[in-house]
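Working notes, structure below.
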DNA sequence: GATTGGTAGTTACAAAACCAACTATTAGAG
DNA sequence: CTCTAATAGTTGGTTTTGTAACTACCAATC
């Protein structure tokens, strides 16, 4: 029994997006969770610092769309694991510059490769045109 | 400073999907949260029952990809709000058939329309071809 | 140079999610 | 029958998140 035929739950974009996001995230999480005991937010912080270099927590919040309390906790956890270090800025002591340690960088280097091949596998099922369209649409939705 | 130029975090599909999913979900949540005090899982249960008719909790778990403990709690909450009712099955008393009450159905009817127009607005920024591709890709990823 | 307002980041407490063990029930094998 | 295994759903304890209030600091105004 389906009450409506023109608009189905399976077509509701937020629903689809959530399920797709969940599926891919679960697939990838074992790489950072099982092996390095990281949470998703921690992994994202590592990825940001590894790819874009040292920055303030604030910048990570904006780029990664993570609330500052979550970043704050992720940074504390990563520091405890000795994956990153903080450096208070002399000019403005409210800021602290975050950067990966050697250990953290090694983790990033490995996960970066894993992420790249994970993504390649995931995209392998689509044509180049589909990939472009998919990513463009997602980016557009994300910037809403 | 960007260390790698061929594969950027912004291209990592799980990341993109998560941000897009988050953005749309937050946009829609006020409709069920503010007005009806529902959680996301509750809203999904209502949507499933409203669209596909009475079913067992197990079926909702499978269709909506929600863990049974979450469904169990959502059902209890919806029952307390008098949006759904349970009926134990005579044949097999482990099963209970869930269905929306009149109240629940009214909520569904309204939210269904809101969801439809929300989705239409969201998709308005894309061409018909993009929409088709986007949804097809998402559905494919979701079924992984 | 005190006061007010704003910013970066943290903490505390409450809400929600996660995971594992549990109850109640049925099905099937001996 | 009765015993074991399996299924539907629930509960309890821990982890994670969300929200709001907080600290520490800086900048601008008076």
TODO: Go through the residues of region B:3-24 one by one and say whether even a single one is surrounded by fewer than 15 Cβ atoms within 10 Å (Cβ to Cβ), within 14 Å of chain A (Cβ to nearest Cβ) and touching a residue at least 12 places away in the same chain (Cβ under 8 Å).
DONE: no
Task: Which listed residue, of A:98, A:84, A:78, is closer than 27 Å to residue A:142 by Cα and more than 9 Å from DNA strand C (Cβ to nearest atom) - done: A:78
- [ ] Mind listing just one residue for me: the one in region B:72-93 that is touching a strand residue (DSSP E or B) at 6+ places or on another chain (Cβ under 9 Å) and assigned to a loop (DSSP other than H, G, I, E, B) and, of those, nearest to DNA strand D (Cβ to nearest atom)?
- [x] B:89
Open item on the list: Looking for something within 11 Å of chain B (Cβ to nearest Cβ), within 14 Å of DNA strand D (Cβ to nearest atom) and surrounded by fewer than 19 Cβ atoms within 10 Å (Cβ to Cβ) - is there at least one such residue anywhere in region A:29-43?
Closed with: yes
Task: Condition met for residue B:104 (part of a helix (DSSP H, G or I), at pLDDT 95 or above, facing another protein chain (nearest Cβ under 9 Å) and farther than 30 Å from residue A:123 by Cβ) - done: no
- [ ] Given the conditions (1) more than 15 Å from residue B:85 (Cα to Cα); (2) touching a residue at least 24 places away in the same chain (Cβ under 8 Å), report the number of the one that residue B:33 does not fulfil.
- [x] (2)
Task: Every residue from region A:107-136 that is more than 10 Å from every other protein chain (Cβ to nearest Cβ) and surrounded by 11 or more Cβ atoms within 10 Å (Cβ to Cβ) - done: A:107, A:110, A:111, A:114
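Kindly check whether there is at least one residue in region B:47-55 that is out of contact with any helix residue (DSSP H, G or I) (no Cβ under 9 Å at 6 or more places or on another chain) and either surrounded by fewer than 17 Cβ atoms within 10 Å (Cβ to Cβ) or within 30 Å of residue B:92 (Cα to Cα) (or both). First the steps, then the outcome.
Initially, region B:47-55 is screened for residues out of contact with any helix residue (DSSP H, G or I) (no Cβ under 9 Å at 6 or more places or on another chain), giving B:53-54.
If we keep only those that are either surrounded by fewer than 17 Cβ atoms within 10 Å (Cβ to Cβ) or within 30 Å of residue B:92 (Cα to Cα) (or both) too, we end up with B:53-54.
Yes.
Regarding region B:75-91, can at least one residue be identified that is within 9 Å of chain A (Cβ to nearest Cβ) and crowded, with 16+ Cβ neighbours inside 10 Å?
Narrowing region B:75-91 to residues within 9 Å of chain A (Cβ to nearest Cβ): none.
No, region B:75-91 has no match at all.
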- [ ] Report whether or not residue B:60 is within 10 Å of DNA strand D (Cβ to nearest atom), within 16 Å of the chain's Cα centre (by Cα) and within 12 Å of chain A (Cβ to nearest Cβ).
- [x] yes
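The values are calculated or read from the model by the stated rules, or taken from the named source; none is laboratory data. Keep in mind it's a predicted model, so treat the numbers as computed, not measured. All Cβ positions, even for glycine, are placed from backbone atoms using ideal geometry, and neighbour counts span all protein chains on display.
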